[in-house]
1. Which aspartates and glutamates have a Cα less than 17 Å from the Cα of LYS10, not counting those fewer than 8 places away in the same chain?
2. In a Gaussian network model over the chain where Cα atoms closer than 10 Å are linked, find which of GLY42, GLY70, GLY78 has the largest mean-square fluctuation.
3. About its Cα centre, what dipole magnitude does the chain give when the only charges are +1 on Lys and Arg Cβ and -1 on Asp and Glu Cβ, stated in debye to the nearest 20?
4. For the chain, build the charge dipole from Cβ charges (+1 Lys, Arg; -1 Asp, Glu) around the Cα centre, then report which of THR8, LEU50, ILE87 sits farthest towards its positive end.
5. I'd like the per residue volume of the convex hull spanned by the Cα atoms of the chain, given in cubic angstrom.
6. Would you please give the FRET efficiency between HIS67 and LYS32, computed as 1/(1 + (r/R0)^6) with r the Cβ-Cβ distance and R0 = 30 Å, to the nearest 0.05?
7. For ILE87, what residues show an amide H to amide H distance below 5 Å, using hydrogens built from the backbone and excluding near sequence neighbours?
8. What FRET efficiency do you get for LEU4 and LYS77 if R0 is 30 Å and r is their Cβ-Cβ distance, rounded to the nearest 0.05?
Amino acid sequence: MRSLLLATIKVYWFIIPRNKRRKCIFRHSCSKFVFDVTRREGFMAGSRALLFRMRNCNGHFDIITDHGSGERKMYLKGGVVVGETEIAERLL
């Protein structure tokens, strides 16, 4: 199953050019993130990563600067808070 998920992502990368893909709100694109997690941790972890990104990579987020630390944080619709190092540079 792990190989199937990795192959599916590779086919997606081959078929859809980078400039035609939807822009991700995360620093590492959703497909790259899921590919890396699947390769490193296996099919189940990759599937969980895929579901997380599918639920959270959309236009429903707020980026707020923490006045104490000065770090920007992204609040996702599901209540997940993402640190500045994971936010796409184009959004900062």
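1. Reachable aspartates and glutamates: ASP36.
2. Comparing GLY42, GLY70, GLY78 in the GNM, the peak value goes to GLY70.
3. Details: 18 positive and 8 negative charges, 116 e Å.
Here the chain has a charge dipole of around 560 debye.
4. It is THR8, whose Cα lies furthest towards the positive end.
5. On the way: hull volume 9.0 nm³, N = 92.
Considering the Cα atoms of the chain, their hull volume per residue is 98 Å³.
6. Working: r = 32 Å, r/R0 = 1.07.
That gives a FRET efficiency of 0.40.
7. Here ARG27 satisfy the definition.
8. Numbers: r = 30 Å, r/R0 = 0.99.
Efficiency, rounded to the nearest 0.05: 0.50.
Where a number appears in this text, it was derived from the coordinates with a stated rule and is not lab data. What you see is a predicted model; the values in this text were computed from it and never measured. Cβ sites come from the backbone with ideal geometry, for glycine too, and all protein chains shown count toward neighbours.
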